[in-house]
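Right, one structure below, let's go through it.
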Amino acid sequence: MMRQYELVERVRRYNPQADEDLLNRAYVYAMQAHGQQKRASGDPYFSHPLEVAAILTDLKLDDATIVAAVLHDTIEDTASTREEIDHLFGHEIGALVDGLTKLKKLDLVSKKAEQGENFRKLMLAVADDVRVLLVKLADRLHNMRTLHHVPPAKRARIAEETLDIYAPLAGRMGMQGMRDELEDLAFRHLLPDAYGMIVSRLEDLRKRNGAIILEIERELASRLAERGIEAEVKGRQKNPYSVWRKMERKSIAFEQLSDIFGFRVLVAASEDCYRVLGVVHTTWPMVPGRFKDYISTPKQNDYRSIHTTVVGPGRQRVELQIRSHDMHEIAEYGIAAHALYKDGRASDVSSLSSESQAYMWLRRTVEMFAERDTPEELLENTKLELFHDQVFCFTPKGSLIALPRGATPIDFAYAVHTNVGNSAVGAKVNGTVAPLLSELQNGDEVEIIRAEGQTPPAAWEGLVATGKARAAIRRATREAVRAQYAGLGKQIVQRAFERAGKPFSEDRIVAALPRLARGAVEDVFAAVGRGEMFSGDVVKSVHPDFKEERKAGPALPKNESGWFGLRKAASLVFRVPGLAAKDEASADMSIPIRGLRGDLPVRFAPNGGAVPGDRIVGILTPGEGITIYPIQSPALTAFDDQPERWLDVRWDIDETKRELYPAQIVVTALNEPGALGVIATTIGEAQGNIDNVAFRESSPDFREITIDLEVWDLQHLTTILSQLRARSVVHKVERVNG
Ligand code: MN
């Protein structure tokens, strides 16, 4: 196990200014925290974070990253807390360790290959700092290097996850060296036979072609020297996993692979790359279609290099990569390359959190590998702040669902399936019952509790974050409304048949559908319910001889109970949500009807309205909706001959939420100064609201004052009326519609 002084030495080698005390304290703290814990190999657990830190010293990372690596498993696996780390090592390191703890929790979740991309995004969103990802990758690399100690059953899962998640992540971050090693380790565990076969063949090939390789290397070096180009030429072999992948992808045998051997030419400056290219192409014939210039057009992860293939000595195909040392560093270390302490000093990059040229690159790279098509705002410090407009949640089976920030379990339910959304009645988030409208967080596991035969409340439409949920709720609501209209229409039609003295039969209406220009009985009922078709016309379509005697409709009112001589046409219950606006339009406010989910327009009759306590009736207006009148309203006589338009409605007052309702009164008062003041005071003392006042001189001595009021209910209105009557300036008070 690495000694304390060895860790300090490793860091000091590239950063003489390293905080020795900090490193020492971290070493001792983590050692004590992990105590007697053991790894699967039987080694002390503490050896693991030390090895992770060592990997990161190879990448020459800053003190905070190295310390975070040493501490990376303390919060999750020991008694340590975030507060303690913050207190002992400062907030920056505390935040890094915290990020690693969050990522570790994600390990418990199954990661399927098809959701690898989303999982990487989730990691980025959770990590929040690029250094957290660097430690995480080093952590995974060490775990992969020691995978043979882990029980075989667990091995395959970890290796697969490495191929699906971590190796591509390293690649996206431009860390080719890390990627190659992760891939080869995973490959070796997943397909040991294939791995062994490829390794031994590569070895054979190297032995057989050793002479040619040396020859090419020498020839290339001397040609370059002739032109005065200083270059480093290295033969290289593809790693086993990439050979395997190529064989798989192209379905070819090992022998058919042409480019297993390659050379890398490293030069000082990028101009030199093109000079090398000139030498190569004038020495050997190039293979058409294999030339790529990633210097003028870098890859997404900022990889830059020239690639070409030539037919070399012995007609051997030779692949060449030509790049500068700087380009090579980026190709190998990617993001980490820019945290390097060059030439033993920190140059202008004291840490990843400082702004610099290199750091600009880092941000650009992170952005690019993260989300190609959305140009995000520049990142703050090392904060990734990627996908801050997204959250990633899991189903109980481990499928990853990406949602916009602010999404609720309802959005989640609809993202899984429309039927799941429509039948959602509750949710469990991380095993605990949570409101359907709570905001989801990254990594939440969401289970939707369902009940069949549900319709989503229309109000959800305004509360969800995804378009999919919104559209589905609207659709479901519309269907429910249509069903309600149809149910209502059916009752109206049944009554119309009854009144006409004809037997009601759906079958006979089916036969009459062409005459009604509708495709289904349901459509006929819905049209009647919506007020687009008269029930009398339906009767007529079945009984052409039927003559509606509209004039002789039932007289109004009343029967014993004081209710109309109508049978209950429909049992609508409506609720008034308070006054929308205090202008003309307020007479047109829409009143949601319970069960109809708000799509049926309902309004109060103009002039006077109705207040709780009034007996009320709804009048259906074709194509418009329902207007609510107090039953004493004189305006109702206009509908006497259209009984099918009368609807039985009732108040549904929520006693706990007292709301104000519109009413109109006409006060005849003495035409003298101060009269209006007395009236206003009286209404105010009785806690009525005056909305609007209009005057009319009815005679030299009297004025007629029309007052729009807001009152709680009929009793409240009656109280106001009687108190006004008690005033000496008031001659007469009447309720409009009274
Ligand atoms: Mn670890």
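The values are calculated or read from the model by the stated rules, or taken from the named source; none is laboratory data. Given the structure is predicted, the values throughout are model-derived calculations rather than measurements. Cβ sites come from the backbone with ideal geometry, for glycine too, and all protein chains shown count toward neighbours. For the accessible areas, the whole protein counts, side chains as well, though only heavy atoms, and no ligand, DNA or RNA atoms are used. Shrake-Rupley method; radii C 1.70, N 1.55, O 1.52, S 1.80 Å.
Okay, residues lined up against (1) within 21 Å of M144 (Cβ to Cβ); (2) crowded, with 18+ Cβ neighbours inside 10 Å; (3) within 15 Å of the ligand (Cβ to nearest atom):
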site	(1), (2), (3)
A18	no, yes, no
A33	no, yes, yes
K38	yes, no, yes
L50	yes, yes, yes
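Within the stretch 79-105, the set of residues being under 30 Å from the mean Cα position of the chain (by Cα), within 15 Å of the ligand (Cβ to nearest atom) and either open to solvent by less than 20 Å² (accessible area, probe 1.4 Å) or not assigned by TED's automatic domain parsing to the domain that holds V126 (or both) comprises L96, V97, G99, L100, T101, L103. Sort out which residues of the stretch 239-266 are touching a strand residue (DSSP E or B) at 6+ places or on another chain (Cβ under 7 Å) and either of a type in the set (K, R) or buried (at least 17 other Cβ atoms within 10 Å of the Cβ) (or both), and write them in order of number. The answer is I260, F261, G262, F263, R264, V265, L266.
For the stretch 608-629, residues that are open to solvent by 20 Å² or more (accessible area, probe 1.4 Å) and either at negative phi or modelled with pLDDT of 75 or more (or both) total 6. Pairing residues of the stretch 1-24 that are in contact (Cβ under 8 Å) with a residue 24 or more places away in the chain with residues that are open to solvent by 70 Å² or more (accessible area, probe 1.4 Å) and in a helix (DSSP H, G or I), at Cβ distances under 6 Å and at least 6 apart in sequence or on separate chains, gives A18/R12. One residue is enough: does the stretch 514-525 have a residue meeting the conditions under 25 Å from I616 (Cβ atoms) and at pLDDT 85 or above? Yes - at least one qualifying residue is present in the stretch 514-525.
Checked against the criterion of being basic (K, R), touching a His at 6+ places or on another chain (Cβ under 6 Å), more than 16 Å from the ligand (Cβ to nearest atom) and open to solvent by 10 Å² or more (accessible area, probe 1.4 Å), the candidates R188, R172, R155 yield just one match: R155. The residues of the stretch 11-61 that are of a type in the set (A, V, I, L, M) and part of a loop (DSSP other than H, G, I, E, B), listed by number, are A18, A40, L59, L61.
Among the candidates T146, T162, which residue alone is surrounded by fewer than 20 Cβ atoms within 10 Å (Cβ to Cβ), within 16 Å of the ligand (Cβ to nearest atom) and of a type in the set (V, I, T)?
When all the criteria are applied, what remains is T146.
Looking at T65, is it more than 16 Å from the ligand (Cβ to nearest atom), assigned to a helix (DSSP H, G or I) and within 18 Å of R140 (Cα to Cα)? For T65, the condition - more than 16 Å from the ligand (Cβ to nearest atom), assigned to a helix (DSSP H, G or I) and within 18 Å of R140 (Cα to Cα) - is not met. Among strands (runs of 3 or more DSSP E) entirely within the stretch 395-498, having at least 3 residues that are of a type in the set (S, T, Y) and open to solvent by less than 50 Å² (accessible area, probe 1.4 Å) singles out no element at all. In the stretch 682-704, of all residues being open to solvent by 50 Å² or more (accessible area, probe 1.4 Å) and assigned to a loop (DSSP other than H, G, I, E, B), the one that is nearest to G609 (Cα to Cα) corresponds to Q687.
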